[in-house]
Amino acid sequence: MPKPEKINAVKDIKNHLEQAKSVFITDYSGLNVADITVLRKNLRENSVKYLVAKNTLMKIAAEDAGLKDIVEYLEGPTALAFGVDDPAVAAKILYDSYKDKEKPVIKAFVMDKQLFGGEDVKKLASLPSREILLSQLIAAIESPLTSIIGSVEAVGKELVSTIDALAVSKK
């Protein structure tokens, strides 16, 4: 009979897995307390939860949440990072930490229920933030419209100045 604490832990992990837009599976071995504290602080400030739990509990929660693909990565010292907002934010923080200390190792990550290998995190981390991507998209859409409006206004101005010139010459 499972203990109530373990049942609650599985429910908690399952909820995080279901609500997260991205889940990063990391191997935190080799990080000292100070490093893990800084990493957790950076993640927390960006709405990313970093959770260390028993692999057996994480495996049960992953299967319950429909993420059976990640079970094979839940071996050894494992922590999960749950990104609620922009998946690139968690990837950048984890990748920057990895670049500095080569820890934590990112085993794999899930985004939109699709599994990616740990080597793909560099591509995700190099993407601009969601806000920057949206502003670039708006600028790309707005640019041709601005050109069209400028062309239409130029024709109108030219017509007005031609009419003015005719009016002056008729006087």
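Here are the numbers:
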item	result
3J(HN,Hα) from dihedral phi, the stretch 74-82, Karplus parametrisation 6.51/-1.76/1.60, rounded to Hz, x for glycine, proline	8, 10, x, x, 10, 10, 10, 10, 9
For q = 0.15, 0.21, 0.24 Å⁻¹, Debye-computed log10 I/I(0) when each Cα of the stretch 91-171 counts as one equal scatterer	-0.74, -0.97, -1.08
Residue with peak Gaussian network fluctuation, the chain [Cα springs, cutoff 10 Å], from ALA140, ALA154, ALA125	ALA154
In order through the stretch 35-40: 3J(HN,Hα) via Karplus (6.51 cos²θ - 1.76 cosθ + 1.60), integer Hz, x for Gly, Pro	5, 5, 5, 5, 4, 4
Residue with peak Gaussian network fluctuation, the chain [Cα springs, cutoff 10 Å], from ASN46, ASN32, ASN55	ASN32
The stretch 146-157 - phi-based ³J(HN,Hα) in whole Hz, Karplus 6.51/-1.76/1.60, Gly and Pro as x	4, 5, 5, 4, x, 5, 5, 5, 5, 5, x, 5
LEU67 long-range amide H proximity, modeled H, under 5 Å	none
Given charges at Cβ of Lys, Arg, Asp, Glu: the chain dipole, positive-most of PHE82, ILE148, ILE132	PHE82
Taking all pairs of distinct alpha-carbon atoms in the chain, Kirkwood radius in angstrom	19.1 Å
Of ASP12, ASP100, ASP86, the one that fluctuates the most in a GNM where the chain has Cα springs shorter than 10 Å	ASP100
The chain, relative contact order [Cα under 8 Å, separation at least 6], %	26 percent
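Values quoted throughout were computed directly from the atomic coordinates according to the rules given, and no laboratory measurement underlies them. Source: prediction; values computed, not measured. Positions of Cβ are generated from backbone atoms using ideal geometry, with glycine treated the same way; all protein chains shown enter the neighbour counts.
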